[in-house]
Amino acid sequence: MMSGRAFVWGMALSMTTLLATHVAADAIAAQRAPIGPATRSYVRVDTPVVALTNVRLIDGTGAAPREGQTLIVRDGRIAAMGPTANTPVPDGALRMDLAGKTVIPGLVMVHEHLYYPVGAGTYANLTESFTRLYLAGGVTSMRTGGNMNGISEILVGQSIARGDKPGPWIDATAPYLEGPGMGFNQVQILRDTSDARKLVEYWADLGATSFKAYMNISRAALKVAADAAHRRGLKITGHLCSVTYREAADAGIDDLEHAFFAMNDFVPNKKPDTCVGRGGAAQNTMAELDPASSDVQALFKYLIDRKVAVTSTLTIFETFTPGRPLPRGLDVLLPQLREDYQRRYESTQRNSQSPYLRAFPKGMAMERAFAKAGGTVIVGTDPTGGGGLVPGFSNQRAVELLVEAGFTPLEAIRISTLNGATYLGRGDVTGSLAIGKLADLVVLGGNPAQDITAIRNVELVFRQGVGFDPKALIESVRGKAGLW
């Protein structure tokens, strides 16, 4: 049995190692992304200085596109930007003529997962295939919005930072903070507020950088968890049901998942600490609301005053809504998973009584109204539910759906880049095109400011100045996502 002194020394060593890991990660962020042997086959551009010339720039701030520009990348950062006619290309730079193409910031997506439903109540750990697909789709930074597989998400993020694997920068969320009632066999249940505090402290010590409360958490446990996370300088989000949005804001939550689809503040006969929003109750109630009403606007103001963001996840709700298109990218899944989702999709199309027929467009309207009221909207995809959402492809779809919801293409791009980076506390290093920021860039064929579906035409993805080949990343997992 370990002595008390040995245990204390071991804990001190563990914290020293963790601190060293974070210091190393910060050092990596100040240079080009490292490229290990397993990563090199996916790299197309590995040059210290790169000049992207004659290109259209959309900078992620919401500003109008700038035509005929040159962007210089040096040692992983944006070194210069300006009109091609008067922006000199440094000697020795790799010159890439991108006439007719668009460069946008790398997507920053904040409700992603590295697991996927593969059977009844079972979620497989797909850190290998999913990280490649996210990067191939233009995602250069992501937050995992919940964890079914413990330490793996933290470790894969560290592997990517070292260059051992291709993928985005990862803000790794700890396992869910959940009370009794859901029945997941991969989620530890909180017995009391002491469990909530201990879980936050344990996973923060292991390197988790975000936390997520789930549907059956109590108000008291949420408050304790939020306080514990904030003491570490970390944020907490939630997909809620037992706790209302107002109660969550009072508890100190930083973000609310699924925007207003999970809101139960207006569900009749809502009892404290009791989830009543399942079976479509929350969605049916939302479908009856007027976003311009005084009650809804008052809730918006309550959240805004307390600096609570909301995460749009329209992609997952689209899969529940009859009449919507089949998701893209299904061919990368294992045949069994692809066929299983196809059956679910066909069943959804036959459901003429689905609450989402009314709730889906109303949810879009609520997100737009919240933003108009001054609220912060960020975006993710939630590739779980009944399956069907494939990372990368679904992230592009998320941007398209924001435009369908009423945001302009430039607003949608800002939500998908700078808003997410700012929420994650990284807006000073990524999320927009600016001199000195990391060269996290996506080269697109076409002009997404005119046609947002150009977001699908990803030709090259730069992460910290290294250009990755999206086709090679996708082909490496085609027909195999679901295995690893």
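Laboratory data are not the source of any read-out in this text; all were calculated from the coordinates shown. For clarity, every value in this text was computed on a predicted model and none was experimentally measured. All Cβ positions, glycine included, derive from the backbone under ideal geometry; neighbour counts span all protein chains shown.
What does the C-alpha gyration tensor say about the overall shape of region 77-217? Classify as rounded when a/c is under 1.5, otherwise prolate if a/b is larger than b/c, or oblate. Prolate shape, in that a/c is at least 1.5 and a/b is the bigger ratio.
For S152, neighbours were defined as the other residues whose beta-carbon sits under 13 Å from its Cβ, and their charges (Lys and Arg +1, Asp and Glu -1) total -1. Approximating the spin labels as points 7 Å out from Cα along Cα→Cβ, the N269-to-L326 distance works out to 4.2 nm.
In order along region 434-442, the Karplus-derived 3J(HN,Hα) couplings, from 6.51 cos²θ - 1.76 cosθ + 1.60 at θ = phi - 60°, round to 8, 4, x, 7, 4, 7, 9, 9, 10 Hz, and Gly and Pro are given as x.
For region 338-484, with equal point scatterers placed on the C-alpha atoms only and solvent neglected, what are the log10 I(q)/I(0) values from the Debye formula at q = 0.14, 0.21, 0.22 1/Å, to two decimals? Reported log10 I(q)/I(0), two decimals: -0.86, -1.47, -1.50. With contributions of -39500 (n - 2.57) from each DSSP H run of at least four residues, the per-residue ellipticity at 222 nm computed over the chain stands at -10500 deg cm²/dmol.
Could you give the length gained on full extension between R231 and R306, defined as 0.36 nm per residue of separation minus the Cα-Cα distance, in nm?
Result: 25.2 nm gained on full extension.
In whole percents, the pair-distance distribution calculated for region 299-381 from its alpha-carbon pairs, binned every 5 Å from zero, is 3, 13, 19, 18, 15, 12, 9, 7, 3, 0.
Other residues within the sphere of radius under 12 Å centred on the Cβ of V187, judged by their own Cβ, net out at 0 (K and R +1, D and E -1).
Mean separation of Cα pairs under 8 Å and 6+ residues apart, divided by the residue count of region 136-175: what relative contact order is that in percent?
Relative contact order of region 136-175: 56 percent.
Counting only other residues whose beta carbon sits under 12 Å from that of P117, what net charge do I get with K and R as +1, D and E as -1? Every neighbour counted, the sum reads -1. Across the options G167, P180, L234, the greatest Cα extent toward the positive end of the charge dipole of the chain (unit charges at beta carbon of Lys, Arg, Asp, Glu) belongs to G167.
In plain terms, the chain from I435 to L155 could stretch by 97.7 nm, reckoned as 0.36 nm per residue minus the Cα-Cα distance.
So for H111, H239, H230, fewest C-beta neighbours within 10 Å to most, what's the order?
H230, H239, H111
By the gyration tensor of its Cα atoms, with a ≥ b ≥ c the square roots of the eigenvalues, what is the shape of region 422-477: rounded for a/c under 1.5, prolate for a/b over b/c, or oblate? Judged from the Cα gyration tensor, region 422-477 comes out oblate (a/c at least 1.5, b/c at or above a/b).
For a quick check: with amide H placed at 1.01 Å from N, whose amide H comes under 5 Å from G106's, ignoring anything fewer than 5 positions away on the same chain? For G106, the qualifying residues are G431, D440, L441, V442. Taking each of K223/K271; K101/K437; K212/K437; K212/K271; K362/K480 in turn, the alpha-carbon distance tops 27 angstrom for K212/K437; K362/K480.
As a length-normalised measure over Cα pairs under 8 Å and 6 or more apart, the relative contact order of region 107-423 settles at 19 percent.
Treat region 215-299 as a sphere of radius equal to its Kirkwood radius over Cα pairs and apply Stokes-Einstein at 20 °C in a medium of 1.002 mPa s; give the translational diffusion coefficient in µm²/s, rounded to a whole number. It diffuses with D of about 162 µm²/s by this estimate. Each residue of region 311-322 is assigned a 3J(HN,Hα), and the resulting list reads 9, 6, 10, 4, 4, 5, 6, 4, 5, 8, 9, x Hz, derived from the Karplus form 6.51 cos²θ - 1.76 cosθ + 1.60 (θ = phi - 60°), x at Gly and Pro. Here the relative contact order of region 370-484, from alpha carbon pairs under 8 Å that lie six or more residues apart, stands at 17 percent.
In this label model, V43 and Y202 are separated by 3.8 nm, measuring between points 7 Å along each Cα→Cβ vector. Note on I72, I189, I435: ascending count of other Cβ atoms within 10 Å places them as I435, I189, I72, the fewest first.
For the chain, the Cβ-based charge dipole about the Cα centre amounts to some 220 debye (Lys, Arg positive; Asp, Glu negative; other atoms uncharged). Fewest-first ordering of W203, W484 by other beta carbons within 10 Å of each residue's beta carbon gives W484, W203.
Close amide-amide hydrogen proximity is noted between A124 and Y116, V118, each under 5 Å apart and 5 or more residues distant or on a separate chain (H modeled in the peptide plane; Pro and chain starts excluded).
Once amide H atoms are built 1.01 Å from N in the peptide plane, which residues 5 or more positions from D171, or in another chain, come under 5 Å H to H? Here the answer is M142, R143, T144, since their amide H atoms fall under 5 Å of that of D171. Here the 3J(HN,Hα) profile of region 125-140, calculated from phi with Karplus coefficients 6.51, -1.76 and 1.60 at θ = phi - 60°, is 7, 10, 4, 6, 6, 5, 5, 5, 5, 4, 5, 4, x, x, 8, 9 Hz, Gly and Pro shown as x. Take the alpha carbon gyration tensor of region 252-394, find the square roots of its eigenvalues, order them as a ≥ b ≥ c, and report rounded if a/c is under 1.5; if not, report prolate when a/b exceeds b/c, else oblate. The shape class here is prolate. Segment A220..T122, full-extension length gain: 32.4 nm, with 0.36 nm per residue of separation and the alpha-carbon distance subtracted. Its alpha carbons give region 107-423 an Rg and a Dmax of 18.1, 53 Å.
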